[in-house]
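Asks: The structure is given below, and queries will be raised subsequently.
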Amino acid sequence: MLVLLLAAASISVRVGQTLHVAGTTGEPVVAYVVYRYEGHYPNFVHPVTYEASALALARSDTNGRVRFPPAVHVHWPFPLQTHPTLQIELAYAPALHNAVWYLGPFTDPQPDVFEYDQDRRRLVMSDLSGRPERWEQALERVASTIQSLARESSSEAPLGERHRASADLALEVIAHFRREYDEFLARHGEAARPMPEMPYMASDEDKRRWQETVEADLANEPTWRPRIARLVVKYESLLRECEAALR
């Protein structure tokens, strides 16, 4: 009996799960999802997580369904560690130019960007093609996640050896990422960059410094073209390194 109780406390079996991804009018969306399994060390002062699996990728089908395969994890028994749960690190919809970070039970929706229903496992993503500041943010998130995948691959067994399907999907994401920069420049390259919203600042001096910094940045790169061109240069070498690590 003790052995059975110990096994129940330290072996986690997750059946296959499904995430439904749709656009704002209900149409299914092809999306790439980067995920892992995470658990917790119970702590009443500060939550501490542990990674039960490496990063992996999945892609939705034509009906917008992302299927996560069953998973088995062995960990320290409760109360040392909890059973791990699915953690979505990134959901990326190239056709909508939208990328959402960290979906979980405490994720707050962002109006006109995304809505997430944890209970129904449904993600609704908005088309950000007409909002260059949001589109740029999505590309930054995709680039950061690609870098994490490549870094993790170099520190452990290569992703191509651990999970060939995930590596192939990561290469697809890189190809989408490159195409998106071309689309961004074609649509917004000559458009003026807007003044961003000032974050909360306690002192007038902090506000003044922020204002001066932003004004200098906009004077140096008044349109989106020089800014995006600089980011292309920044990320191109990174993307080549990532492709080498993922193949």
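The values are calculated or read from the model by the stated rules, or taken from the named source; none is laboratory data. Just so it is clear, the model here is predicted, and its values are computed rather than measured. Because the Cβ atoms are built from the backbone with ideal geometry, glycine has one as well, and the counts that use them run over all protein chains shown.
Asks: Would you confirm whether or not segment 108-130 contains a residue that is among the acidic types (Asp, Glu) and closer than 19 Å to Glu180 by Cβ?
Replies: Yes, segment 108-130 contains at least one residue that is among the acidic types (Asp, Glu) and closer than 19 Å to Glu180 by Cβ.
Asks: Next question, about the same structure. Mind listing whichever residues of segment 172-191 are farther than 14 Å from Ala95 by Cβ and touching a strand residue (DSSP E or B) at 6+ places or on another chain (Cβ under 9 Å)?
Replies: Scanning segment 172-191 gives His188, Gly189, Glu190, Ala191.
Asks: Oh, and also: Would you point out the residue of segment 147-172, among those that are modelled with pLDDT under 65 and acidic (Asp, Glu), that is farthest from Arg247 (Cα to Cα)?
Replies: So, considering only residues that are modelled with pLDDT under 65 and acidic (Asp, Glu), the one farthest from Arg247 (Cα to Cα) is Glu156.
Asks: Going by the conditions given, is Thr49 surrounded by fewer than 17 Cβ atoms within 10 Å (Cβ to Cβ) and at pLDDT 90 or above?
Replies: no
Asks: Checking Pro109 against (1) in contact with a strand residue (DSSP E or B) (Cβ under 6 Å, 6 or more places away or on another chain); (2) at pLDDT below 85; (3) surrounded by fewer than 17 Cβ atoms within 10 Å (Cβ to Cβ), which single condition isn't satisfied?
Replies: In the conditions (1) in contact with a strand residue (DSSP E or B) (Cβ under 6 Å, 6 or more places away or on another chain); (2) at pLDDT below 85; (3) surrounded by fewer than 17 Cβ atoms within 10 Å (Cβ to Cβ), Pro109 misses (2) alone.
Asks: Can you tell me which residue is modelled with the highest pLDDT among those in segment 1-18 that are more than 15 Å from Pro70 (Cβ to Cβ) and surrounded by 11 or more Cβ atoms within 10 Å (Cβ to Cβ)?
Replies: This residue is Ser10.
Asks: Let me ask something additional. Could you check segment 104-150 and list, in sequence order, the residues that are touching a residue at least 12 places away in the same chain (Cβ under 8 Å) and over 24 Å from Ile228 (Cβ atoms)?
Replies: Gly104, Pro105, Tyr116, Gln118, Arg120, Arg121, Arg122, Leu123, Val124
Asks: When the residues of segment 225-241 are narrowed to those that are within 22 Å of Ala170 (Cβ to Cβ) and of a type in the set (Lys, Arg), which ends up modelled with the highest pLDDT?
Replies: Here the answer is Arg240.
Asks: Shifting gears a bit: Going by what's in this entry, would Ile228 be described as of a type in the set (A, V, I, L, M), touching a His at 6+ places or on another chain (Cβ under 9 Å), part of a helix (DSSP H, G or I) and touching a residue at least 12 places away in the same chain (Cβ under 8 Å)?
Replies: Judged against the criteria, Ile228 is a match.
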